[in-house]
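Read the structure below first, then the notes.
The values are calculated or read from the model by the stated rules, or taken from the named source; none is laboratory data. Predicted model, so just to flag it, every value in this text is computed and none were measured. Ideal geometry is used to build each Cβ from the backbone, glycine not excepted, and the neighbour counts take in all protein chains shown. In case anyone asks, the SASA skips ligands and DNA or RNA and just uses the protein heavy atoms, side chains included. Shrake-Rupley method; radii C 1.70, N 1.55, O 1.52, S 1.80 Å.
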Amino acid sequence: MSPERLPTIREVRIRNFKSFRSLNLPLLPGITGITGPNGSGKSNLLESIAFVLGHRGRGLRAARLGNLVSRGARRAEVTLKIATRSGERTVSRGIRGSTGFYRIGGRIVPRYRAELLLRELGYRADWYTYVAQGTVTRLVEMSPRERVGIVEEISGVREFERRRAEILTRLGEVEGRLEVIRARLSERERFLSSLARRIELMRRREELERRALSLRKAVLLEELNRVRGRISELRLGLEGGGEAGGDSNPDVEMEAVEAAIREAERRLRELESDEHMRIAREAESVRLRIRSKRRELSAVEREIEAIRATLSSVGELGVPREISGVEGVLGTVSQLIKPLPGYERAYRAAAGGRAGDVVVESLDLALSLRGALRRSGRRVRLIPLDVVRPGRPPSPPGYSLGLMIEHLSYDPDLDGVARAVFGGTVVVRDLRDVSRGDIGRARFVSLDGDLMERDGSVIVTPDRSGVRGRLERLDELEAERERLRSELADLERRVSSLPDESSVRRMAEELRGVRSSLSRLRERKERILRLRLEEARRRAAVSEELGRLEAREEQILRELDSLGDVEPADPGWGDPSSALAAVRAELRSLPAPDPGLEEEYGRELEKVKLARAEAEEIERERMEVLEALRRATGERDGALADAVGRLAEAFSKIYGEVSGGSARMWLSGSWPDAALEIEVIPPGKPPTRLESLSGGEKSVAALALVAAVAAVRPSPIYLFDEADAMLDAENCRRFAKILRILAYSGSQVLVVSLKRETLSEADRILGVTDSGGRSRVVGVDLSRYPG
């Protein structure tokens with residue numbers, strides 16, 4: 001049986017891709033072996049083809065596109081000339097700076113156009129078409145659950161899942177409509193019930209309105225009796241009322257109180273005009289001011305200490321004046337080590353409180369300065385140059401801007417200090433750039449001054465405007481402190497010349513006694529005046545109430561006349577006022593009379609019937625959608641089982657051909673928790689799960705699995721990069737058989753290998769050598785050397 005004709009890559013043109021500067025390499029069908037010394041660029045040749053076919057990321061051993069461009073070059077491009085049944089097509093992929101581009105037939109096209117053409121020709125950027133270094137190991141280490149992904153790729157399960165998602169979306173829409181109509185039906189049914197209730201309550205209203213009139217008349221008659229009784233009481237009160245003061249004469253009492261007040265006021269004036277009393281009051285006032293100034297001074301000193309602590313944490317206070325000018329004191333970290341332009345905020349954040357650390361020449365000097373620094377009132381860290389021991393700096397990740405110390409300017413003698421303060425800090429543009437896997441390996445600081453510590457905590461550094469404000473505030477407070485100290489000293493000198501507190505206390509007690517007596521007399525006078533006023537007000541209030549009651553009496557009589565022949569309520573009903581309030585409350589809750597209420601009830605009943613019919617129709621539609629979902633699920637499971645069957649058949653056949661043993665494959669469990677189980681029987685050994693095979697046996701089985709996937713889903717080309725690196729001679733020969741099976745299907749096979757047993761199966765061999773950091777290719781056609 002002849003192999004199916006597949007597209008063939010006739011030529012690869014490489015410009016500035018990794019170690020290849022310029023290469024035009026013709027390719028032929030069959031197996032092409034690639035060999036050469038380590039580091040010569042063998043893998044780069046395969047990667048150039050994989051690059052055009054759409055492979056990305058770690059498979060190309062590059063963190064970003066720019067790393068694929070040859071050193072010293074500004075752009076790179078790889079072109080494939082592909083022979084198809086309809087003619088030759090050229091597809092290129094290139095890099096300019098950090099941006100990629102595609103060409104078809106030499107014309108720039110969007111990426112999706114190039115990928116669509118490659119898919120139409122059968123080229124896929126799948127794991128089994130480019131078996132890079134380590135792919136075989138990953139296949140071997142896959143769990144049965146992870147292997148299901150292989151079947152998913154070749155079975156089209158994702159398309160079935162897409163259909164199921166569409167059906168589920170439709171199911172959601174139908175259930176949403178059903179929920180809406182059910183809510184509408186429920187609302188109409190509730191409204192219908194309310195109409196029936198209103199019809200029932202309309203008859204209740206007429207009865208309650210008749211009862212309300214009877215109760216109202218009984219209430220008015222009771223109120224009329226109360227009003228007339230109260231009028232009689234008030235008239236008697238006005239005729240027999242007396243003075244509020246009782247039997248005593250208020251006028252005589254008022255004269256006695258006023259005389260006592262005048263005497264107390266005279267004595268108070270004498271005491272207040274006394275010179276000794278004036279001096280006593282002045283002494284008391286000065287002492288109060290001293291206590292007030294001391295409280296103000298204490299508050300100012302606390303605020304000064306708080307601001308100093310803050311400024312010290314950002315290195316703004318400089319060398320303490322107690323040690324300023326001492327020989328060997330070189331300055332603070334912020335004075336000696338400066339950031340390069342653009343890194344000022346990152347510098348302040350990374351330094352933090354250590355910006356105010358003081359650098360000294362030796363440990364002995366640091367120890368000798370302790371006494372002076374204790375008197376300064378500041379906590380100061382000293383860094384002795386002769387013993388500073390910076391830790392080992394971390395390796396900055398590729399996305400960073402490097403270590404913080406690389407962006408500083410300082411004297412070389414201060415290198416140890418710079419590394420001790422900044423050596424563990426890495427600069428990034430933004431803290432969002434930091435990979436979660438790198439947290440804990442270093443401190444990270446962003447250009448805008450945010451800091452991430454090794455424990456993952458984030459510190460936000462204030463801007464310089466806040467620091468300037470604190471410095472200005474510190475100057476103001478220190479000036480205020482000196483002013484308060486001066487005023488306090490003046491007050492203390494002044495109080496020393498005034499009388500002592502005991503004489504002041506005696507005079508003050510006498511003054512307080514006179515004032516207290518005067519206050520009591522004035523209160524007594526106020527009480528007499530208040531009683532007089534209250535009596536006047538009482539008589540006015542009685543007159544006002546009498547007028548209101550007489551007016552109410554007339555109003556009640558008029559309302560009784562309007563009720564006519566209505567009989568008052570029977571006393572057996574209880575309190576008529578409470579009964580009337582209850583009746584009125586019930587009347588307010590009843591609907592107003594509506595002659596068209598029964599007709600409206602009939603219309604609403606018809607609407608409820610229509611809504612019920614619509615809900616039943618939507619429910620039938622929901623059941624149909626659920627049936628479609630069941631069928632789609634069955635088709636998905638059938639496709640999965642069919643793909644597993646075809647893959648198992650191909651794997652069993654290929655494994656048997658290359659190893660002489662047998663193998664089987666089956667799917668355990670159900671979607672989405674299924675597992676792809678593999679069991680092989682190597683020659684002369686019992687059945688063994690793939691996980692329990694030896695290293696070489698695992699590799700052969702994994703490569704047979706690659707060939708089985710290719711048999712089920714063929715590709716025009718297969719790339720193998722030292723997939724036989726861990727195989728012995730016998731397993732290399734088995735690997736070569738697998739390559740021949742792939743080539744027989746009409747695919748091109750390119751294999752990088754250093755094993756003679758593998759290369760012996762190649763139709764041709766390309767040698768790759770290194771020449772001054774550039775790769776060159778030489779070829780050997782094995783057909784010229786039979787045997």
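Between segment 170-195 and segment 367-430, what is the separation of their alpha carbon centroids in Å?
After rounding, the separation between the Cα centres reads 72 Å.
Taking the Cα centre of the chain as the origin and placing charges on Cβ (Lys, Arg +1; Asp, Glu -1), which of Leu533, Ala299, Ala218 is farthest toward the positive end of the dipole?
It is Ala299, whose Cα lies furthest towards the positive end.
Within 9 Å, Cβ to Cβ, of Leu676, how many net charges do the neighbouring residues add up to if Lys/Arg are +1 and Asp/Glu are -1?
Around Leu676, the charge tally is 0.
Placing unit charges on C-beta atoms (Lys and Arg positive, Asp and Glu negative, everything else neutral), compute the dipole magnitude of the chain about its Cα centre in debye, rounded to 20.
Numbers: 139 positive and 128 negative charges, 946 e Å.
Rounded to the nearest 20 debye, it is 4540 debye.
Roughly to the nearest percent, how much of the accessible area of segment 14-159 is carbon and sulfur, given a 1.4 Å probe?
C and S fraction of accessible area: 48 percent.
Taking 7 Å along the Cα-to-C-beta vector as the label spot, tell me the Val566-Glu303 distance in nanometres, rounded to one decimal.
7.5 nm
Rounded, prolate or oblate: which one fits segment 1-143, using the alpha carbon gyration tensor with axes a ≥ b ≥ c (rounded when a/c is under 1.5, else prolate when a/b beats b/c, else oblate)?
In terms of gyration-tensor shape, rounded.
Tell me, what % of the accessible area of segment 609-686 is carbon and sulfur with a 1.4 angstrom probe? Mind dumping the intermediate values first?
On the way: 2190 of 4090 Å².
That share works out to 54 percent.
Please report the carbon-and-sulfur percent of the accessible area for segment 712-779; probe 1.4 Å, protein heavy atoms only, DNA, RNA and ligands left out.
C and S fraction of accessible area: 50 percent.
For segment 398-468, what is the charge dipole size about the Cα centre, in debye to the nearest 20, if Lys and Arg each add +1 at the Cβ and Asp and Glu each add -1 at the Cβ?
Around 200 debye, computed over segment 398-468.
Evaluate the distance, in nm, between pseudo-label points positioned 7 Å from the Cα of Asp448 and of Arg64 along their respective Cα→Cβ axes.
2.0 nm
Helix by helix through the chain, keep the DSSP H runs that span 15 Å or more along the axis on Cα and average at least 0.5 on Kyte-Doolittle, and give those back in order.
42-53, 695-712
Based on the alpha-carbon gyration tensor of segment 675-787 and its eigenvalue square roots a ≥ b ≥ c, which shape applies: rounded if a/c is under 1.5, prolate if not and a/b is larger than b/c, or oblate? Mind dumping the intermediate values first?
Working: a/c = 2.02, a/b = 1.79, b/c = 1.12.
In terms of gyration-tensor shape, prolate.
Which distance in nm do the two modelled labels at Arg96 and Leu268 give, with both placed 7 Å along the Cα-to-Cβ direction?
Distance between the two pseudo-spin positions: 9.9 nm.
Given the -39500 (n - 2.57) contribution per DSSP H run of 4+ residues, what per-residue ellipticity at 222 nm results for the chain, rounded to the nearest 500 deg cm²/dmol?
-19000 deg cm²/dmol
For a Förster distance of 60 Å, can you work out the FRET efficiency between the beta-carbons of Ala196 and Glu222, rounded to the nearest 0.05? Intermediate results must be reported in sequence, preceding the final value.
On the way: r = 40 Å, r/R0 = 0.67.
Here the calculated transfer efficiency is 0.90.
Name the shape class, rounded, prolate or oblate, that the alpha-carbon gyration tensor gives for the chain, where a ≥ b ≥ c are the square roots of its eigenvalues, rounded holds for a/c under 1.5, and otherwise prolate holds if a/b is larger than b/c and oblate otherwise.
Judged from the Cα gyration tensor, the chain comes out oblate (a/c at least 1.5, b/c at or above a/b).
When only C-alpha pairs under 8 Å and at least 6 residues apart count, what is the relative contact order of segment 596-705, in percent?
15 percent
Normalising by the residue count of segment 1-147, find the relative contact order in percent from Cα pairs under 8 Å and 6+ residues apart.
Here the relative contact order equals 22 percent.
So for the chain, averaging the separation of alpha carbon pairs under 8 Å that are six or more residues apart and normalising by length, what relative contact order in percent results? If you can, show how the numbers build up before the last one.
Numbers: 1084 pairs, mean separation 186.3, N = 787.
For the chain, the relative contact order is 24 percent.
Quick one: accessible area per residue over the chain, 1.4 Å probe, rounded to a whole number of Å²?
Values: 43780 Å² over 787 residues.
Computed with neighbouring chains in place, this is 56 Å² per residue.
Determine the alpha carbon to alpha carbon distance for each of Lys685/Lys755; Lys42/Lys755; Lys18/Lys755; Lys18/Lys737 and list only those over 21 Å.
Lys685/Lys755; Lys18/Lys755; Lys18/Lys737
How much accessible surface area, in Å² rounded to 10, belongs to the heavy atoms of Ser98 with a 1.4 Å probe?
We get 90 Å² for Ser98.
Any chance you could run the full-extension gain for Glu624 through Arg111? It's 0.36 nm times the residue separation minus the Cα-Cα distance, nm to one decimal.
180.5 nm
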